[in-house]
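The values are calculated or read from the model by the stated rules, or taken from the named source; none is laboratory data. Since the model is a prediction, treat every value here as computed from it, not as a measurement. Using ideal geometry, Cβ is built from the backbone for each residue, glycine included, and neighbour counts are taken over all protein chains shown. SASA here: full protein model, heavy atoms, side chains in, ligands and nucleic acids out. Shrake-Rupley method; radii C 1.70, N 1.55, O 1.52, S 1.80 Å.
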Amino acid sequence: MNVQTFRYDNKIVRAFAIATVIWAIVGMVAGLLAAVQLFYPGANLNLQYTTFGRLRPLHTNAVIFAFVGNGMFMGIYYSLQRLCKARMFSDALSWVNFWGWNLIIVAAAVTLPLGLTTSKEYAELEWPIDIAIALVWVVFAVNLFGTIVKRREKHMYVAIWFYISTAITVAVLHIFNSLAMPAGPFKSYSMYAGVQDALVQWWYGHNAVAFFLTTPYLGLMYYYLPKAAERPVFSYRLSIIHFWALIFLYIWAGPHHLLYTALPDWAQSLGMVFSVMLVAPSWGGMLNGLLTLRGAWDKVRQDPMLKFMVVAVTAYGMATLEGPLLSIKSVNSLSHFTDWTIAHVHTGALGWNGFLTFSLLYWLFPRLYRTKLYSVKLANYHFWLGLLGIMFYAVPMYFSGVTQGLMWKQFTADGFLQYPNFLETVIRLLPMHRLRAVGGTLFILGVLVMAYNLYKTAKSGQPVTDDEVQVPVVDDKHGAHEKEGGHRWLESKPALFTILTTVAVLIGGLIEIVPLYLIKNNVPTISSVKPYTALEVLGRDLYIREGCVSCHSQMVRPFRSETERYGEYSKAGEYVYDHPFLWGSKRTGPDLHRVGGKYPNAWHYNHMENPNTTSPGSVMPPYPWLLSQKLDTSSLPARIKALRSVGVPYPADYESKAQAELETQAKAVVEGLKTGMVMDAKPDREIIALIAYLQRLGTDIKAQAKN
Amino acid sequence: MEVIILLILASLVLAGGFLGVFIWASRSGQFEDTTTPAMRMLVDDPAPKAESVRQSPKPKHS
């Protein structure tokens, strides 16, 4: 019998593992800082770089792409080799994957606090980094497929199917959603506008959850849970069935982020229906995982790794029941824009992704360093700290979410809003936000305990070396099949396979991108809606820079409770020039779509300088730098050009007139400020542009009403 | 809302791709055995025995 001797690459697994732990701490501390700012805005240290608006995307990107990303690579690189009985296709690609991915994250950590952001959730990184992400992802995909092609185990275990679906779908999602026209080295405008941008964004956003946070981790669960429990998967057949069902259904769920918005009704219903159906394959995964532990529950009691795994799978089940329920329009009418969404996200993020990653780390470190875990006791402390952390996070957020939602909807017996002042709803939530920060702190403490434990484990072990193994190989691997043609033949030619794959992807890319240049959707459905002026464009870009969209929505839903509070509900046609859309996902502060003309210029000036002067008790931080920093108009021609190229109908010579028009409008804003007793405002400051933008919001349809 | 055409097209192509891959998998026998893979993955590959260690043969295809 022929045997082949080769080595599994453990060094790359160790690299990803260490990166995972480091980014866990960074990402979660960023989250804690953001959470504290929601009841103590001064926690931004009065720096513009650490305001909630700029910090939130740093937190989300760090925990999703840095923590879960490295965790995913760690888990995949270890398990894929052993499932394929082959070393990774290319060591060089492995290290490009590692360094490329982590340098991208460093780029994120630098650019996001600087306000260099697209504002699109989980896709905030600007276009040069987007390109880097695409390249590194192709490297990962080639490494993945190359390893599969040279596998010595003919059968592809179900985990591998999950990894494949991740690699392919994330590439498609990222490329599509990131399509934008650059207007500078770190500024771009989304190819899409308004409603279309919202749909593409949440087609991407929900599938990022599906194919970055779910499918790879289900794959990891299918490898590590049986391995640790020393029991086969409960039903292998079920795993195959729910895999295919899951990947077919997930892609359609995106619109559930846009229920009761200006997205067409039929699209909303489509998203709702597919989201509800998604319960079935998701719970197939959860049940399969938990039932695998039949007869092994005493092992769970003793092994911290399994404890974490059980909570992870259970949290997955909870989140995938809650998600479909939140996707039902009537439920969503209460939950949208509230902390309930945050609670839901963090059940999945802390419970499923967090705990499963910890589980893998506790299982892998001893194996990589050929030693025992330094302290089972400390691992148990981590488990309970983490579990308490999740509870103190989720439960207060449920209370605050439902409180918020109900208060917004409450009417008095006479038919007026019970809480007409949005501030009342903000202040009511402060205790729950404090508790949530306690939860986050507990969770981080657990992670620190784990980091110490793993460090001591590594110190007490041997240096990481590759696992040398001997695998029996049937000489004629292809002999079992009568037909050697087609795909089978292609699989034995990895280089050609890779080239053809790349060509296919490129063709697909071209087919997808070219029509975007041809499709023009700038036919205004509301004739009074016009493009933003030059000053308003710059003001809007400042709104994006400061991350205002993290706390303020721009989408008045067709409910009486919203029209009473904000004004006319938002129409799709109002957003045709919004590149990118700024509908928002959360109302920490009030909706702003109809804020134009509601307050005088001076109110906005004072409010931005220090929100507490106009709104006592507000948790919004001061933005004094907007009053002192000069507005940079040098990039104005480039921005107008870029916006025109994505479909905003600026006249051909607008660049030559824009500066003068901007200065005229700025002077008018300053005059308005003087009326409100703000005498020392200078027309060349950033605040002027922001006020111009805010005063424009939602006013175009009023213009129509006047006519 | 024209972008919906693009999204549906892309999703259909992706779904069609997945369907194609499923059909390939079925035909090439990936689902013939749904019992032993779950058990075989539990067994770690053995370290090479001292006497029978030899160089891994050069791969036939690069």
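Working note: Debye formula, equal point scatterers on the alpha-carbon atoms of segment A:1-111, no solvent; log10 I(q)/I(0) at q = 0.13, 0.14, 0.17 Å⁻¹ is -0.57, -0.63, -0.80.
For A:THR314, put the label point 7 Å out on the Cα→Cβ axis and report which residues of segment A:377-400 keep their amide N under 13 Å from it. The answer is A:384, A:387-388, A:390-391.
Of the listed peptides A:71-78, A:339-346, what is their order by residue-averaged count of other C-beta atoms within 10 Å, with the highest listed first?
My ranking of the peptides, most packed first, is A:71-78, A:339-346.
Quick one: check the C-alpha center-to-center distance for segment A:527-545 versus segment A:167-194, whole angstrom. Centre-to-centre (Cα) distance: 20 Å. The DSSP beta bridges internal to chain A are antiparallel in roughly 90% of cases. Based on the Stokes-Einstein relation at 25 °C and a viscosity of 0.890 mPa s, and on the Kirkwood radius from alpha carbon pairs, segment A:209-259 is assigned a translational diffusion coefficient of 198 µm²/s.
Kindly identify residues of segment A:192-216 having a loss of at least 30 Å² in accessible area between the isolated chain and the assembly of all protein chains, probe radius 1.4 Å. Buried-area filter returns A:GLN196, A:LEU199, A:TRP203. A crude spin-label estimate for the pair A:LYS530 and A:LEU406, with each label 7 Å from Cα along the Cβ direction, gives 4.7 nm.
The C-alpha atoms of chain A define a longest principal axis, and helix A:304-326 lies at about 40 degrees to it. Here the gap between A:THR664 and A:ALA134, fully extended at 0.36 nm per residue and compared with their Cα-Cα distance, gives a gain of 186.5 nm.
Hey, what did segment A:513-644 get for relative contact order, percent, Cα under 8 Å, at least 6 apart? Contact order relative to length: 22 percent.
For segment A:272-286, the Karplus equation 6.51 cos²θ - 1.76 cosθ + 1.60, evaluated at θ = phi - 60°, returns couplings of 4, 4, 5, 5, 5, 4, 4, 3, 4, x, 5, 5, x, x, 4 Hz by residue, with Gly and Pro reported as x. The heavy atoms of A:SER327 offer some 0 square angstrom of accessible surface to a 1.4 angstrom probe. Largest first, the residues A:TRP137, A:TRP384 sort by 1.4 Å accessible area into A:TRP384, A:TRP137.
Helix content alone sets the calculated 222 nm mean residue ellipticity of the protein assembly as shown: runs of n ≥ 4 DSSP H residues at -39500 (n - 2.57) each, divided across all residues, give -19500 deg cm²/dmol. Rolling a 1.4 Å probe over the protein heavy atoms leaves A:GLU663 with an accessible area of roughly 90 Å². Once backbone amide H atoms are built at 1.01 Å from N, A:VAL3 has A:VAL473 as its partners under 5 Å, excluding neighbours fewer than 5 places away on the same chain.
Each residue of segment A:388-396 was assigned a 3J(HN,Hα) from its phi angle through the Karplus curve 6.51 cos²θ - 1.76 cosθ + 1.60 (θ = phi - 60°); the sequence is 4, x, 4, 5, 5, 7, 5, 5, x Hz, with glycine and proline shown as x.
Hey, could you get me the Stokes-Einstein D for the protein assembly as shown, Kirkwood radius over alpha-carbon pairs, 25 °C and 0.890 mPa s, rounded to whole µm² s⁻¹?
Values: Rh = 27.6 Å.
In µm²/s, the coefficient rounds to 89.
Distant-in-sequence amide contacts of A:ARG685, defined by a placed amide H-H separation under 5 Å and a gap of 5 or more residues or a different chain, comprise A:LEU631. Relative contact order for chain A: 17 percent, from Cα pairs under 8 Å spaced at least 6 residues apart, divided by residue count. Surface composition of the protein assembly as shown: carbon and sulfur atoms hold 68% of the protein heavy-atom accessible area at a 1.4 Å probe. Modelled spin labels at A:GLU609 and B:THR35, positioned 7 Å past Cα toward Cβ, are 8.1 nm from each other.
Note on segment A:226-371: dipole from Cβ charges, positive end direction compared against A:LEU350, A:LEU361, A:LEU321; the farthest Cα belongs to A:LEU361. According to the Cα-based calculation, Rg over Rh for segment A:140-186 is 1.21, with Rh computed by the Kirkwood formula. Heavy-atom accessible area, probed at 1.4 angstrom with all protein chains present, ranks B:ASP45, B:ASP33, A:ASP265 as A:ASP265, B:ASP33, B:ASP45, highest first. Here the calculated FRET efficiency for A:VAL438 and A:LYS154, from their Cβ-Cβ distance with R0 = 60 Å, stands at 0.70, rounded to the nearest 0.05. Interface A-B: total buried accessible area of about 4500 Å², 1.4 Å probe, protein heavy atoms only.
A:CYS551 exposes around 30 Å² of accessible area when a 1.4 Å probe is run over every protein chain in place. For the set A:LEU55, A:LEU387, solvent exposure ranked by accessible area (probe 1.4 Å, protein chains only) runs largest to smallest as A:LEU387, A:LEU55.
Here segment A:158-313 is treated with +1 on each Lys and Arg Cβ and -1 on each Asp and Glu Cβ, and its dipole about the Cα centre works out to around 460 debye. When both segment A:5-75 and segment A:279-351 are represented by their alpha-carbon centers, they are found 22 Å apart. Shielding value for B:9-15 is 6, the average number of Cβ atoms from other chains within 10 Å of each residue's Cβ.
Residues whose amide H comes within less than 5 Å of that of A:ASN10, counting only those at least five positions distant or on another chain, are A:ASP466, A:ASP467 (H built at 1.01 Å from N in the peptide plane).
One chain, two ends: A:ASN421 and A:GLN629. Fully extended at 0.36 nm per residue, the span grows by 71.7 nm beyond their Cα-Cα distance.
Take segment A:588-683 with all the other protein chains still there, run a 1.4 Å probe, and you get 48 Å² of accessible area per residue. The gain in end-to-end length when the A:MET679 to A:THR699 segment is fully stretched comes to 4.6 nm, 0.36 nm per residue minus the alpha carbon separation.
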